[in-house]
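For reference, the structure is listed below as structure tokens.
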Amino acid sequence: RKEVEQDPGPFNVPEGATVAFNCTYSNSASQSFFWYRQDCRKEPKLLMSVYSSGNEDGRFTAQLNRASQYISLLIRDSKLSDSATYLCVVWGSGGYNKLIFGAGTRLAVHP
Amino acid sequence: SAVISQKPSRDICQRGTSLTIQCQVDSQVTMMFWYRQQPGQSLTLIATANQGSEATYESGFVIDKFPISRPNLTFSTLTVSNMSPEDSSIYLCSAEGGRDDEQYFGPGTRLTVT
């Protein structure tokens with residue numbers, strides 16, 4: 001089983017749509033969680049951290065369910081510029097102090 | 001967030017040669033990391049670059065193949081030694097952000113080995 005698993009995608013959605021990405025992680029001792037965005041041929045950029053209480057940044061909402069080891073990202077009112085690969089990232093613990101990256105979910109927003 | 005630069009941005013190298021990639025951070029950071037991203041795949045951690053001591057390598061990566069230097073708190077190099085076509089990849093440097101577990105990435109070095 002992969003340490004971080006994501007929806008394979010790609011997601012093809014029209015502008016204005018709401019889209020949700022899911023992610024599960026295997027290490028129950030993981031402490032921190034992130035969503036990164038990676039544009040084609042560019043480096044990953046931190047989109048947002050994910051907190052147990054859930055957090056929102058404009059059109060983006062991230063949720064964490066520690067009991068189910070599940071993370072989600074919701075994008076509302078999709079824009080063309082949201083087209084990218086979204087990486088679910090987990091910071092391990094218990095002697096496992098490094099970022100573990102999911103394989104990424106590709107989003108294509110069309111007019 | 002830290003601003004990170006890398007050079008070269010890309011290179012085409014012959015098999016059997018070595019390439020050294022440089023990573024510069026605009027502020028002092030404790031933690032720096034080197035990753036590899038092969039085509040169509042996600043990022044894999046190669047090693048943590050420790051200032052003043054030997055790098056800590058992940059399983060499957062060894063110092064002889066990927067020697068790393070970290071002479072100070074703003075700079076690191078990764079060398080890809082005795083290259084083969086399988087080393088063709090994007091190599092990314094990263095550094096910690098405001099929190100120990102947040103990381104920011106350099107623009108990457110796209111390496112092609114022929």
(request) Output the residue which, of all residues in segment B:50-81 that are of a type in the set (D, E, K, R) and within 21 Å of B:ILE4 (Cβ to Cβ), is surrounded by the fewest Cβ atoms within 10 Å (Cβ to Cβ). (result) B:GLU58
(message) I need a count of the residues in segment B:55-88 that are touching a strand residue (DSSP E or B) at 6+ places or on another chain (Cβ under 7 Å) and either in contact (Cβ under 8 Å) with a residue 24 or more places away in the chain or among the charged types (D, E, K, R) (or both).
(response) 16
(message) If A:ALA67 satisfies all but one of (1) assigned to a strand (DSSP E or B); (2) farther than 25 Å from A:ALA17 by Cβ, what's the number of the condition it fails?
(response) (1)
(message) Tell me the residue from B:GLN28, B:GLN22, B:GLN14, B:GLN37 that is within 19 Å of B:ASP87 (Cβ to Cβ) and loosely packed, with under 13 Cβ neighbours inside 10 Å, please.
(response) B:GLN14
(message) among the β-branched types (Val, Ile, Thr), within 23 Å of B:ASP11 (Cα to Cα) and more than 12 Å from every other protein chain (Cβ to nearest Cβ): is that true of B:THR114 in this structure?
(response) yes
(message) Restricting to segment B:19-52, count the residues that are closer than 12 Å to B:ILE68 by Cα, within 14 Å of chain A (Cβ to nearest Cβ) and part of a loop (DSSP other than H, G, I, E, B).
(response) 1
(message) Yes or no: segment A:64-76 includes at least one residue that is crowded, with 21+ Cβ neighbours inside 10 Å, without any contact (Cβ under 8 Å) to a residue 60 or more places away in the chain and among the small types (Gly, Ala, Ser).
(response) no
(request) State yes or no: is B:GLY60 within 14 Å of another protein chain (Cβ to nearest Cβ) and in contact with an Asp or Glu (Cβ under 9 Å, 6 or more places away or on another chain)? (result) no
(request) Confirm whether A:ALA17 is at pLDDT 95 or above, hydrophobic (A, V, I, L, M, F, W, C) and in a strand (DSSP E or B). (result) no
(request) Please find, within segment A:32-53, the residue that is farthest from the other protein chains (Cβ to nearest Cβ) out of those that are more than 16 Å from B:GLU96 (Cα to Cα) and over 13 Å from the mean Cα position of the chain (by Cα). (result) A:SER53
(message) Quick check on segment B:68-111: of everything there that is of a type in the set (Asp, Glu) and closer than 17 Å to B:THR56 by Cβ, which residue is nearest to the other protein chains (Cβ to nearest Cβ)?
(response) B:ASP101
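The values are calculated or read from the model by the stated rules, or taken from the named source; none is laboratory data. The structure presented is a predicted model; accordingly, all values stated were derived computationally and were not measured. Here the Cβ is made from the backbone with ideal geometry for all residues, glycine too, and neighbour counts use every protein chain on show.
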